[in-house]
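Structure, as structure tokens:
No lab work stands behind these numbers, since they all come straight from the coordinates. Fair warning: this is a prediction, and the values are worked out from it, not measured in the lab. Cβ: placed from backbone, ideal geometry, glycine included. Neighbour counts: every protein chain shown.
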Amino acid sequence: MRADGTVGAGAFSATFTFTTAGADAGERALVQAGASPTVAALAVQAYRSARGQGLSDSPVLSVIDFSRPSTEERLWIVDVEVGALLDRDHVTHGSGSNDPNDPRMASTFSNTPESHQSSLGLSLTAETYQGSNGLSLRLDGLEPSNDNVRARAIVMHGADYAEDAFVARYGYLGRSQGCPAVAQSRVVALIDLVKHGTLLFSYFPDDAWLSSSPFLTQ
């Protein structure tokens with residue numbers, strides 16, 4: 001992201017001017033909670049597009065900014081329609097996405113089975129189940145960049161390596177097999193907020209995805 005609010009290079013660029021008075025309530029809530037104006041604008045744009053297509057009727061939107069280090073709380077959950085922050089927390093990225101030069105950062109993403117990489121784009125939360133990681137939440141990808149997530153068993157679940165104490169000890173979160181894992185101590189409350197048909201927007205400034213996402217190019 002450039003300092004002027006522009007994302008991308010080459011084929012895709014988008015500029016968003018954020019003002020408190022003119023912004024969407026959901027954007028304001030995200031920015032006030034620490035999200036960048038660009039990520040907030042893109043997330044709400046994708047949310048509005050999906051809602052307009054009847055893909056979700058929930059006002060709840062979760063946003064992950066994978067351009068930030070795992071030491072930061074880079075997961076936000078907001079009620080877009082009233083502009084309320086519901087939660088903010090740490091979230092992991094996949095081990096296959098890890099930047100080889102910095103264990104806090106993700107740098108590579110895909111939709112490929114067995115890659116252990118996180119996927120970008122808009123997805124829909126689905127049913128919960130009890131698995132090897134305890135309470136877990138299935139996801140359904142809504143675009144070509146993530147439409148294998150259910151088949152790949154990419155789910156939201158709890159993990160000890162996503163706890164604040166892990167960050168304090170090691171200086172980064174542990175990595176998952178591609179799942180957006182959250183702290184085991186808070187997973188029940190987080191899943192309760194977002195289960196059954198809410199939208200999840202996973203972001204990274206990847207030009208190929210930004211220029212092809214059906215929710216961002218309309």
Q: Which order do the peptides 122-132, 149-159 take when ranked by the mean count of other beta-carbon atoms within 10 Å per residue, highest first?
A: 149-159, 122-132
Q | Gain in span if fully extended, GLU81 to SER95, counting 0.36 nm per residue against the direct Cα distance | A | 1.6 nm
Q) With a Cα-only, solvent-free Debye model of the chain, what are the log10 I(q)/I(0) values at q = 0.08, 0.09, 0.14 Å⁻¹? A) -0.24, -0.31, -0.79
Q: Per DSSP H run of n ≥ 4, the term is -39500 (n - 2.57); total these for the chain, divide by its residue number, and report the mean residue ellipticity at 222 nm rounded to 500 deg cm²/dmol.
A: -5500 deg cm²/dmol
Q | For the stretch 24-147, alpha-carbon Rg and Dmax in angstrom | A | 14.7, 42
Q | Residue-by-residue Karplus 3J(HN,Hα) for the stretch 187-202, coefficients 6.51, -1.76, 1.60, Hz, glycine and proline x | A | 5, 4, 5, 5, 5, 4, 5, 10, 5, 6, x, 9, 9, 10, 10, 10
**Q.** DSSP beta bridges in the stretch 6-210 [antiparallel fraction, %, rounded to 5]
**A.** 80 percent
Q | Within the stretch 66-218: Cβ-based charge dipole about Cα centre, in debye rounded to nearest 20 (Lys, Arg +1; Asp, Glu -1) | A | 260 debye
**Q.** Note, ³J(HN,Hα) from phi for the stretch 33-43, Karplus 6.51, -1.76, 1.60, rounded to Hz, x at Gly and Pro
**A.** 8, x, 6, 6, x, 5, 5, 4, 5, 5, 4
**Q.** Burial ranking of peptide ranges 111-119, 78-86 (average Cβ count within 10 Å, highest at the top)
**A.** 111-119, 78-86
Q | Signed unit charges on C-beta, dipole axis of the chain, positive-most listed residue SER115, LEU55, PRO205 | A | SER115
Q) Long-range amide H contacts for GLY197: which residues qualify at under 5 Å (H placed 1.01 Å from N, peptide plane, sequence gap of 5 or more or a different chain)? A) THR125, ALA126
